[in-house]
Structures are given as structure tokens and as C-alpha cells.
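The values are calculated or read from the model by the stated rules, or taken from the named source; none is laboratory data. Bear in mind the structure is a predicted one, so any value in this text is a computation, not a measurement. Using ideal geometry, Cβ is built from the backbone for each residue, glycine included, and neighbour counts are taken over all protein chains shown. Side chains included, ligands, DNA and RNA excluded: accessible areas come from the protein's heavy atoms. Shrake-Rupley method; radii C 1.70, N 1.55, O 1.52, S 1.80 Å.
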Amino acid sequence: MRMSAVRFPPLIPPPPPSLNLPSRFPPPLVRKLSAGDGIFATSLSVLIVTTSRLCIKGNNVSINKAINAQEVAVKEKHARTCILGTHHEKGAQTFWSVVNRLPLSSNAVLCWKFCHVFHKLLRDGHPTVLQDSIRYKNELSDMSRMWGHLSEGYGKLSCTYLKLLITKMEFHSKNPRFPGNLQMTDRQLEETGENDVNNFFQLTVEMFDYLECELNLFQAVFSSLDMSRSVSVTAAGQCRLAPLIQVILDSSHLYDYTVKLLFKLHSCLPADTLQGHRDRFHEQFKKLKELFYISSNLQYFKRLIQIPQLPENPPNFLRASALSEHVSPVVVIPVESTSPDSEPVVETDELVEMDPSSQQNLFENKFDDLFGRTGSTDPFNFNNQNGMSKDERDKLIDQLYKEIAALKDELASFKAESKRLILQLRGRINELEAELAEQQHLKQQALDENEFVKAELEEVKKKQDVTEKAQRSLTEIERKAQANEQRYTKLKEKYTELVQNHADLLRKNAEVMKQMTLFRQTQEDMEQMKKELEETVQQLKDSMEQKEQEQTHKLDALQEELQSRNAEVLSLKSTHEDSKQTSTVMVSTIESLASEKTALSQAVDEKESTLTLLRGELEQAKEALTAEKDSTNRTVEGLQNQLNEKESHEQALEKQLLDEQFALLRSAVEEAEGIIQDALNRLEDPLHFGCTSSADYLITRAQATQDSLSRLQNGHTKYLADKKDASSLLQSVTLFTHLMSDTIVQGSATSHMVPMEQADNLLDACKRCGSDVLSYFSNLKDSTTLSIADCTKVRESLNQINAIAEELRPKGRDIKQKELGDLVEQEMCSTSAAVEAATARIEEMLNKSRAGDTGAKLEVNARILESCTGLMHTIKVLVLSSKDLQRDIVESGRGAASQKEFYAKNSRWTEGLISASKAVGWGATVLVDAADLVVQGKGKFEELMVCSHEIAASTAQLVAASKVKADKDNCNLGRLREASKGVNEATAKVVASTKSGKFQIEEKDTMDFSSMTLTQIKRQEMDSQVHVLELESQLQKERERLGGLRKKHYELAGVSEGWDEDTK
């Protein structure tokens, strides 16, 4: 009998969407058989369970084969099996259970291949892979940071790939509407924004971040390969290049969606708001285009994927019609040739569709044919079969087994043939679908190109007219350019000439100043001469007027006399007739009078001619004086004009000089602001957190800054008094800026070494001081506020920093330098006194022990105390040798200074001596106390041994502090070394005597286990083990406590000794 028409439903879920199976092969449904189906149902259930386990086991094997340490690309069949496994179990639990057992943190190649497989699962696996994987995001982040410490190789690549996968999981978690392979329609993309422009804006930013991670992985892989060789044909190169196929698939979709979202945003928001989006898109466009071009030329990608080429120029988002020109990039994966390595393991669909009732009837008919129909309703009731013996039933069963085996073989061959046919059909369907998609893409591209060519033709026609005008204008522009070039050359020559003239004018300025001085002196001489001439003219006028008045008076007197003479002549004529007798006498008188008159007339004429001459001379003098005055006025006016020109030029030069001085000041202040701002920025720099400093060094920096601030204030005052000279202010600004920057940085470094509260106060004070300095500088560089710029707040901030630093100084450093010399002598004397007292106490204890103890105890006590006495004597010799050596050091090094001045000058060495002396005195006292307790039976021998070691260490410290400045040929240094050896030997004797005394005094318990039973011995053994564990635990705790105490001791000693300054 044959059952070729019956087929079982497949036991695995449908293939993922990325396999692109046609719709005519619907996913099969597993029919759940009831218990009434009998043996066949039971066999099918067992087969289902067995097949499920085999699938899970096969999935584990495929995961381990896909993720291995071999530097070869992941095989496609293993990756596809992993993908199908997620669809089978509807999750990624099996994948993560296997991955968690792999050493991903120790093998970079293994981690790289894990990232590749995980990327495939996120793209093509079951949708619940994301939910199962998001819980491991923190572990992936830690792994990424761990691999990020490597600067090359697969470590750096794994770090970048893990960041990409984390970004992909976060993106799909925030945007669950996007599938893992990012395949969406335009309508679905529109629905993701929910008609809210804010959602579109945020989604675009997230896509930019997503694409940025993809591009980083692209660049990291290419930078790790030697592109000058054919790396794509090597196994190592293919291992690195294989994950880029997934990156190309994601990048093409992200680029397409980003373009569409940006056009959407530009239709809703202003262009200025989206300037940042456009800049970031253009940057990513250039990178993606370049990477696509490089990838398309690699031989490895040519047979696996068809990479699209992006347009020459990015889309113009400012033009809405440019969206129609956008062509979505389509990545085509050619159909692979069928091979055992690439053949997917999938179950075929049913060849014959049958409903459950028809299958049940078919099964019943087969059993009726085999066993016969009886009157009973139970087909398996063999007891009711009439006339059938046991042998016949056995033969029938054997026959049935053989037929079942034959049917199974036939069914297996039928399934294999069905698989082969279905796979061939699916491969052909994939080829046809890829060709159809490519033809559709080419058709759309041809249509778009046709439209684009038409638009370009119209633009060319429009531009043709513009080109002619542009050609004509180009000639004109060239001519203007040549003219501008010539003009530029002339201007350059003129500028050179002006610079030379400016230099000549500056040189001539001094000469002009000298000429101005001479001119002013000449002008003063001219004014003085002018005054003298005016005085001379005035005197001449006065003398001429006086002479004229005298001549006028004389002429009037002569005229009066002439009139009187004429009257007399008339009287004489009248009396001539009367006195003819006297005529003769009178004639002589008249003659004499006439002669006298003639003489008087001549005198009057002479006086008139003289007066005329004087008047002519006066007029000539007035004319000469007027001419001289006019020429002098003209000369004075010319010189005054030249003086005014020189003064105006001098004022312009002076103003230019002031402007240049202020420009220099402003540039210096701006540079100073940059230095201070850089210092403030360093306070927030994580790299600066490791820098440390001390309070003492901060105080010195703050004091130097305060001094420079005083010089800056004086320079400011001088500049306000004379703005022609800003040199002192510029020097003060430069020095103050550097010191202030150093103070701020050192304040921050000091805050790293102090408690939190004090560190916050110091850091706030430094920031406030920096802000006050910037405010002060802003007033200095502004001409309107230059005169009111005040540095009082800056000084107050520096005082606050100084006060905080004073509080942070170690308390042990408060001793004044002049007291160090006295303190050294006091400590050395105290150490000697402590050693003497310890020796006396040991002698006293030895006497008491001899008087009160007997036997072994007396012997032990005497041996211990004698060794302690010997140790004290050697310490005493060491202290004396140290004092002699210090005396030699001081005498040889102090010169003309006193001993105290030498100690103060070498304060660090002095403090080391003081500290060592204190340690020796304290150790001697503690040793004596421990020995006293041991002798009395109240102390521990271990305490005495520890005290011995401690005092040996203290003396070694004193020796080191003493000989650090000593001459190597000094005889006291040799005695000090011998004394140090004696101390070590005495310490060893104390320890040895203590150990022997402890061994002698302690009672020895005899271990007799003869009377103990097995149970008692086992119990004692367990108690002993518990006690041993307790002691080991206590020992570990005590060692940790000792380490903490030593660490704290070193910290306190470092603070008191100023070790941080030494490192500084």
C-alpha cells in the first residue's frame, strides 16, 4: 500500500521576511493530533519533540560554527541557520545562552564575528530578538569600552561595531515602528511622525546619529586595511569586509529616509532653523558617497552585492521641487549559486493540501485494508478477530513493519525531491523578483532621467541667452579685473610710499620740533624788536611833536615881534613928519631894523625848511615802519600757518600714537583674557584631575600674583597720567596674567589633595578670582571704562585664596625658621636624655629581677635586659656620633652665617633631623616599657621584638638624615656608620634573646592521642582546622590593618615633611 498523497506539516516556523518567499507558499500549520489517533499520533508527537530538540542542538552547533576564532568570514549557511533558529523559538534565548559561554572579552576576532552574526539577527531575525537582547546592552557597553583601549586591529573594530549595535538597539527601542531591516513605505514613514513636526525633527537627529555610527564602522574597516593590495581576496580581508554588507543595507535606507524627512521639515520650518541639519547631512553625504564608491570597486563586493551610486551633488532642500528628482538608492543582492555551504535547511510546504477530516478518513481506510473491518467500533481490538491465530498475527505484524519501512524510505525520497524542486523554484522566484525590481528601478530611473533631461534642456535654452550676456560681461569683468589689478599695484606702491613717508615724517618730526623751538624763539625776538621799534617810533613822534611845538612857539614869538616891529615902524612913520629932526637918526634905526628883519626872515625860512625836512624824514620813517610792519606781519602769518599745520599734524600723529598704544593694550588684554579663560577651562578638564600641588607652593604663587597686581595698578595709574607710554602697563598685564593663571591652576591642583569641603571652597575661590580678573580686563580694554577700572575685587579674591591656603598648610610647618636651630638642639638633647633614662631604667629592672627572680626566669630576664642595655649603649654612641657629624656639617657649610641661620636656610634637612630624633627618643621609651612588662610577666615577647625593630628603623632614619649633607671623607661619618652597624647587631641580639627566652619559658604540652577515639580525634581535628582558619582570617585582617596604618603614616609624614613640595 502507498501513502504518497499524505505529507506531514513542517516542524519549523516560516522563513524570515528577508528571504522574500512568494505569497503562494503560505506558512504551514502544525495540526495537533488527539489521543484518538492512536499509534500514529503517538509516533508523530515523539517525532515532533525529537525534531525540536535536534533543531535546538543544530542551532547551537551553527552558532558555535558561525562565531569562532578563525580569521575568515562567517559562512552564510551558519548565519541563516541562526536566523531561522530565532524564528523557530520566537526569540534569541538560545543564541544568548550560547554566546554567554564564549570568551568574547579575550578574543577580538571572536567578538568581531559575534557582532556580525548579531547584526544579522537584529536585521533578519524574529522581532522579539530586540527585546531579548536589550537586557545585555550594559554588558555590550562594558565590552566596547574594554576593546576601546586597543588602538589597532580587531579590538578597535570591535569597539566601533559594538557602539553601532548599541545605537541600533536604542533606535529600534525608541522607534518600534521601524523593523530591523529598516524596510518601510513612504506612508509608514509618514505615520511614524504622528503629524508632529517635533517628532520628525527628533527622528531626523536620531537617524543622523545612527548613520554616523555606520560611517564610523565603514571608515574604521577601510583604515585597518592596506588598500594598495588586493585585500578583498584574502580570508583576513573578507573577515573584515563581510559585515559591511549589513552596513550598506542599513545606510542606503537611512540615507533615503533622511532625505525625505529633511524635505518634510523644510516644508514646515524656516530654513535657518534647519541649518545644522543641512550641514550634518552634507558632511555625511560626502562620506557615504566616497565609501560607496570605494566599496563598489572592491572585488569582494562585486559578486555579493550591487552597491548604488549616490548623485553627484546633494539634494537642494531649499527647493521643494527637488524632492521629485530624488532617487531612492536600491541595494540588489544577486541570487547565490546553490552549494552545500550556502544551502539553507528549511522544510517545504505541503504539496497536497488536505483538511483534517480527509486525512482521518484516509488513515482509517488504510487500517481497514490492513486489519479488516469488524463489527466492533475499536479498530485495535485484536481479541475480537475471529479465526486469527498468534502466528498469523506475527506474520501480519512483520509484513506491516516491512511495508512501513518501505513507505518511510519512499516518503524520505519524496521529501528530498520536494525540497530540491521547491528550492529551485524559490531561487528562480528570487531571481525574477530581483530582475523585476531592477527593471522597475531602471524604468523609474529612465523616467526621472527623461524628466531631468527635459528640464535641463529648458534650462540650457534659458542659459544659452544668459551665456552670451555672461560672455560679454566676462570681457568687461576681465577688463575691470585688469584695471583693478593695476589699481591694486598702484595702491600697493602708494601704500609703500605712504609707509616710507610716514617713516620720514616720524624722522622729520623731531626736526620740526627743533625748528618750532627755534621759530618760537625767533618769534619772541621779533615781538621784542617790534616793541622796541614801536617805542622808538613813539619817541620820534614825541620828539617831532615837541620840536614842532617849539618851532611853532618860536614862529609865533617872531610874528608877534614882527608885528610889534611893524607897529613901531608905523608909529615911527607917523611921527616922521612930526619929528623930521630925528629922521636921520631914525633912518639909521630903520636900516638896522630892516637888516634885522631880513635876518629874522632868513631865520624863519631856515626854520621852515628844517621843519619841512623833519616832516619828510618823519613820513619816510612812518612809511619804512609801515612796510617793515607789513613784511613782519606777513612773515608772522606764514610762520603761524606753518605752526598751525605742524600742530595739527603733530596732533594727528599724537592721536595715532595714542590709538596704537591703546590697540596694543587691548590686544594684550584680550590675549590675557584668553590665558585666564584657558586656566578656568582647565579646572573642568578631566585630565587635570590627576594634577596635585601643595598649599605652600600655592601661597608663594598667590603672593607673587599680589605683587604683580600692585605693579599692574601702578602701571594703570601711570598710563592714565600719560597715555603716550603704555609699556609699563603692558609688561604688568603680561606678568600678572601668567602668574594669575598659574595661581588658578595650582589652586585647583591643591584642591585635589585636601578634604572635599575645603577643596570646594578653594575651587570656588579660584573660579571667583578668575571671573573678577576677566571683569577687570574687560574694563581695561574699553576706553570708556578704562579710567574707572578697579582691581580691588581681584585683590580680595587673592587674599581669600591665600587665607584658604594658609589654613591648608600642615600644622607641623608652623614653626618659624629662626626657631629650627634651637629645636634641633632641644630634640637631640631630649633624645640623649631619653636614652640615658632608658638605660637607667633597664639597670634598675635588672637589679630587681636579680633580687626577686630565680631559676630560668632570672636567666631569661637577665639575658633580655642585658641585650636591651647593650642596645641602649649603641644608640647612645650613635646619637653622639650624629651630633658630632652635624657639628662638622654646620661648620663646613654655614660660612659667615650663624648656626641658626644655617639650620633655617636648610629647613628641610633640619626638619628631617628633628623628626628622626623624636622617633629615636620615642622608640627608646617604648622599648623600655615593653621590656618592663615582659620582665614582670605581663607583656608579650612579640611586643618587645617589634619595639626593637622599630627603634632600629628610627636610628636608621637618624643616620640617613645626618649623613645626607656630610662629606664622604669625614671621619665622624665613618664613626656614625660603625655606630649604625652596632645598633643593628644589638637589635639582632635583643630579638634573638627574646625568642630564646620565649621558647625557654613557654610550657610544652605533650601531645598524647593514645586514649582518644576516632570520633574524638576527628572532632579535635575539625576544631583545630576551625582555629587555624580563624587565625588565618585574623592574620589577614591584621595585615590589611597594618597596611592601612602604614599608608596613613606615610601620608601624615609626607604632609609634615612636605613631600608633595619635593615632587613639585
Problem - Relative contact order, percent, segment 156-253 [alpha-carbon distance under 8 Å, six or more residues apart] - result: 37
Completion exercise
Scalar couplings 3J(HN,Hα) for segment 530-539 by Karplus 6.51 cos²θ - 1.76 cosθ + 1.60 (θ = phi - 60°), nearest whole Hz, x for Gly and Pro, are 4, 5, 5, 4, 4, 5, 5, 4, 5, 5
Fill in the blank from the handout: Counting sequence-distant residues (5 or more places) and residues on other chains, those with an amide H built under 5 Å from that of Gly180 are none
Exercise for the section: Subtract the Cα-Cα distance of Leu558 and Arg145 from 0.36 nm times their separation in residues, and report this length gain in nm to one decimal. Expected result: 134.9 nm
Handout entry: Theoretical FRET efficiency, 1/(1+(r/R0)^6), r = Cβ-Cβ of Gln758 and His873, R0 45 Å, to 0.05
Key = 0.40
Practice task
Figure the gain on full extension for Ile429 and Ala833 (residue separation times 0.36 nm, minus the Cα-Cα span) and round it to one decimal in nm.
Solution key: 134.8 nm
Practice task
Return, ordered by residue number, the residues of segment 448-467 whose backbone nitrogen is under 16 Å from a label point located 7 Å along Cα→Cβ of Ser328.
Solution key: 448
Problem - Förster radius 56 Å - calculated FRET efficiency between Ala603 and Asn633 (Cβ-Cβ, nearest 0.05) - result: 0.80
Practice task
Taking H placed 1.01 Å from N in the peptide plane, check which residues at least 5 places from Val332 or on another chain put their amide H under 5 Å from its amide H.
Solution key: Gln306
Exercise for the section: Estimate the FRET efficiency between His282 and Leu304 by the formula 1/(1 + (r/R0)^6), using the beta-carbon distance for r and 45 Å for R0, to the nearest 0.05. Expected result: 0.90
Handout entry: Probe 1.4 Å, all protein chains present, accessible-area order of Ser158, Ser324, largest first
Key = Ser324, Ser158
Fill in the blank from the handout: The pairs in Lys77/Lys286; Lys289/Lys462; Lys260/Lys443; Lys963/Lys1048 lying past 25 Å Cα-Cα in this model are Lys77/Lys286; Lys289/Lys462; Lys963/Lys1048
Problem - Inter-label distance for Gln521 and Gln620, nm, one decimal - labels placed 7 Å from Cα along Cα-to-Cβ - result: 3.6
Practice task
Would you work out the charge dipole size for segment 610-735 about its Cα centre, treating the Cβ of every Lys and Arg as +1 and the Cβ of every Asp and Glu as -1, and quote it to the nearest 20 debye?
Solution key: 280
Fill in the blank from the handout: At the level of C-alpha centres, the distance separating segment 253-308 and segment 152-225, in angstrom, is 13
Problem - Fully extended contour minus Cα-Cα distance, from His649 to Leu505, at 0.36 nm per residue - result: 50.9 nm
Exercise for the section: Give a residue-ordered list of calculated ³J(HN,Hα) values for segment 699-706 (Karplus: 6.51 cos²θ - 1.76 cosθ + 1.60, θ = phi - 60°; whole Hz; x for Gly, Pro). Expected result: 5, 4, 5, 5, 5, 4, 5, 5
Handout entry: Per-residue HN-Hα couplings for segment 284-297 [Karplus 6.51, -1.76, 1.60; θ = phi - 60°; Hz; x = Gly/Pro]
Key = 5, 4, 4, 5, 5, 5, 5, 5, 4, 5, 5, 5, 5, 8
Fill in the blank from the handout: Label model pair Ala406, Ser778: point-to-point distance (7 angstrom along the Cα→beta-carbon line) in nm is 10.3
Exercise for the section: Using only protein heavy atoms and a 1.4 Å probe, report how much of Glu1021 is accessible, in Å² to the nearest 10. Expected result: 80
Handout entry: Of Lys490/Lys781; Lys724/Lys793; Lys492/Lys646; Lys137/Lys264, pairs whose Cα-Cα distance is over 30 Å
Key = Lys490/Lys781; Lys137/Lys264
Fill in the blank from the handout: Taking a crude spin-label model, label points 7 Å out from Cα along the C-beta direction, the Arg472 to Leu611 distance in nm is 9.6
